[in-house]
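Below: the structure, in structure tokens.
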Amino acid sequence: MTSKRPPGLIADPADRLRSSSDAAPPPPRPKPAGPTKNPRPPRKKSGAGKKGGWGKKVLMWGATLAVWAVIAIAGVMAYYAHDLPDIDQVTAPTRRPSIQFVAQDGQVFAAFGDLYGESLDLAEISPTIPQAVLATEDRRFFSHFGVDLFGIARAIVTNVRAGHLVQGGSTITQQLAKNLFLKPDRTLKRKVQELLMALWLERRFSKQQLLTLYLNRVYLGSGAFGVDAAAKRYFDVSARNAGLYQSAVIAGLLKAPSRYSPLNNPEASHKRAVEVLGNMVEAGYIEQRTADMAALSGAAQAVKRSAPTGRYFADWALSRLDDISELAGRDVVVRTTLDLTLQRKVESQLQTMLNGPGAKANAGQGAVVVMQPDGAIRALTGGKDYDDSQFNRATQGLRQPGSAFKPFVYLAAMEQGLAPQDVYDDAPIKLGKWSPGNYNGRFEGQVTLRHAFAHSTNTVAVRLIEDLGPARVVATAHKLGITSPLGKDASLALGTSETSLLELTQAYAPFANGGYGITAYGIESVTTPDGRVLWSRQGSGVGKVMSDQALASMHDMMSAVLTEGTGKAARLDRPAAGKTGTTQDYRDAWFMGFTADYVAGVWLGNDDQRHEMKKVTGGGLPAQLWKSVMLAAHQGIPAHPLPTPDLSPATMADTEGTAGGVIIGGGGGGDPVRAIGNAIDDLLGSIFGR
């Protein structure tokens, strides 16, 4: 079949396809015959060459800049990529050990460290959780390559319109890279590394794997990492069973875990959950009616955990764990002595006192300790409001106890043979330039020690310590549980050496348990989360620290404080004893006391000691607060007599017969032989300790 050429087209031999082997070039076309004239070059349109030249230059410079920009970006990425973390560590992140504190009734009232729940597969997690997270954080998660360019553009437009940062463009993959591998620094290096790690993660893992990792590892506040830990911490349910509203609360935490925590701010948490429900409607996961019903029923699904309580106690108990080497690096459950019901009442009563009568009297702070006679702490609060101040005034605050220290002076006297019926002189006394007086400004003359103790007569206490020697009183106080340094001069009798409320309460416990020294404790055992015991409390205290005779005498005098002395406001419906304490210029006010079942101490004052209270004494507001605390502690407990030793008449007669020959007449001399012996004993004690 022959092809027809289109009319008017003649084939030129030079147009033939030649192979690369044809060496001869095509013959030149013949020149036209006749003379030729130099043709005039065609005129260029005005400006055409200039415009074309600039266009080429712009194109050339643009291409050059683009090449250098690519090189620069590649260089920056290479520079920041050289110290990227090892992606193989994605399944083994480091974390702080989790420590949970459990009260007597088994409730967890405080937790420290990082808490991880079960590592659940995506199919095991309640489907509303990933739906809420995707609708709120990254709706294009399954379609982007680790970086959402549309999301970034949308965030830029939103932020420009708002005039400030209201929306971010990070994807779940980028957040996962940041949370698992990088520091939260707002630097160019971190953003570049975040981008590189996100691209790397997308290449190494499937979308389902990345979402599973994110849900199991993301931080959701209160030390909870992962949705299962958050569901258990906030709602006491597994992430398997989380409802729609609970899922919305958990997803809402991602924006700001502390601000939207249902523990810290229930109202803000609810508003944020409603926003998340709206996002789920927009994303097509649920209908508007379903979202509205979930928002309305949300109040019923609010946090089931009790309001935070016992946080001062938890801080103190946490510091005790440092001495237990077996616990290093472990997740543990600490079983404590705390009575949560009593603790809540104590915290409430302290706040009521400080917000009411305390505020009128310029008493800005307070602390309370309640323990059993064996040293088990049942309630402890170290201030008015933990959120405002974490300083623990019960354990860390060192203040002068005032007359609340006098029991140690009188106990030392009773151990030396004195008795409550012995008489001392309440009269002016001068030691060098110091002339201590009584609170009421009066002197009663000859009074019994029982009367002087009950009415907190300062002059008698000073005469006693002068006769006994300060070293003997210091030894007695240390033996009962005071561990703070104590001065060795006569002013010690009036409580001028500082101590803590917990120390002082601990030192009062022997009066309530039959005369045995104890060490206050708050931890009974420590176990692993699955119940294996790592440590349990052992020990029986320090043994007998006072004689039965001295204890009986102290019970007599300390009971008189409540029945006829300065502590009448603290009287209970059962046998009780105690002592008031007030320091100079009303800076501190105390009431310390006990029954057969509980020992309790109360302190009121101000952190800034320059701010004096308005004539608040230990027998006033502290005694009233002590009474309300002890009534709460004894609710449902029958009245028991104090553990006063049952002394035979013969023993009492013998003791009373020798008492008058030891120190009689208010420091008027006494038995010279015994006085010399006491002086030698004091000297040896000051040299070698007691």
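See the values below:
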| item | result |
| --- | --- |
| Length released on extending from Lys433 to Phe142, taking residue separation times 0.36 nm less the Cα-Cα span | 96.2 nm |
| Extreme residue, positive dipole direction of segment 288-432, given options Gly417, Gly432, Met293 (C-beta unit charges) | Met293 |
| FRET E, pair Gln351, Leu572, Förster distance 22 Å, beta-carbon r, rounded to 0.05 | 0.50 |
| Protein accessible area in segment 514-566, 1.4 Å probe - carbon and sulfur % | 49 percent |
| Note, ³J(HN,Hα) from phi for segment 259-271, Karplus 6.51, -1.76, 1.60, rounded to Hz, x at Gly and Pro | 5, 9, 5, x, 7, 8, 8, x, 5, 5, 4, 5, 4 |
| Radius of gyration and maximum dimension Dmax of segment 216-299, Cα, Å | 11.9, 34 |
| Residues whose placed amide H lies under 5 Å from that of Met546, excluding near-sequence neighbours | none |
| Carbon plus sulfur fraction of accessible area for segment 353-447, probe 1.4 Å, in percent | 48 percent |
| Label point distance in nm, Leu318-Arg537, each placed 7 Å from Cα along Cα→Cβ | 2.0 nm |
| Range of Cα positions in segment 584-636 per principal axis (Å), largest first | 42, 16, 14 |
| Sequence ranges 354-363, 497-506, 255-264, ranked by mean other-Cβ count within 10 angstrom, highest first | 497-506, 255-264, 354-363 |
| By average C-beta atoms within 10 angstrom, highest first, the peptides 475-483, 567-575 | 475-483, 567-575 |
| Nitroxide proxy distance, nm - points 7 Å out along Cα→Cβ at Glu326 and Lys360 | 5.4 nm |
| FRET E, pair Gln390, Met60, Förster distance 51 Å, beta-carbon r, rounded to 0.05 | 0.15 |
| Segment 589-599 - phi-based ³J(HN,Hα) in whole Hz, Karplus 6.51/-1.76/1.60, Gly and Pro as x | 9, 10, 9, 10, x, 7, 10, 6, 10, 9, 10 |
| Chain lengthening between Asn264 and Asp292 when straightened (0.36 nm per residue, less Cα-Cα) | 7.7 nm |
| Per-residue SASA entry for Ser170, accessible area with 1.4 Å probe, Å² rounded to 10 | 40 Å² |
| Inter-site label distance for Arg204 and Leu647 at 7 Å from Cα along Cβ, in nm | 7.8 nm |
| For segment 514-597, alpha-carbon Rg over 2.2 N^0.38 Å | 1.55 |
| Cα-Cα P(r), segment 551-649, percent of pairs per 10 Å interval | 17, 44, 27, 11, 2, 0 |
| Exposure ranking of Trp603, Trp61, Trp535 by accessible area [1.4 Å probe, largest first] | Trp61, Trp535, Trp603 |
| FRET efficiency for Asp530 and Ala256, using Cβ-Cβ distance with R0 set to 41 Å, rounded to 0.05 | 0.75 |
| Mean shadow area of segment 313-433 over all directions, Cα convex hull, nm² | 13.7 nm² |
| Cα centroid separation, segment 537-573 to segment 423-476 (Å) | 20 Å |
| Listed peptides 629-639, 576-586 by packing density, highest first (mean Cβ within 10 Å) | 576-586, 629-639 |
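The values are calculated or read from the model by the stated rules, or taken from the named source; none is laboratory data. Since the structure is predicted, the reported quantities are computational estimates derived from the model, not experimental observations. With ideal geometry, Cβ positions are generated from the backbone for all residues, glycine too; neighbour counts draw on all protein chains shown. With ligands, DNA and RNA removed, areas are computed over all heavy atoms of the protein, side chains included. Shrake-Rupley method; radii C 1.70, N 1.55, O 1.52, S 1.80 Å.
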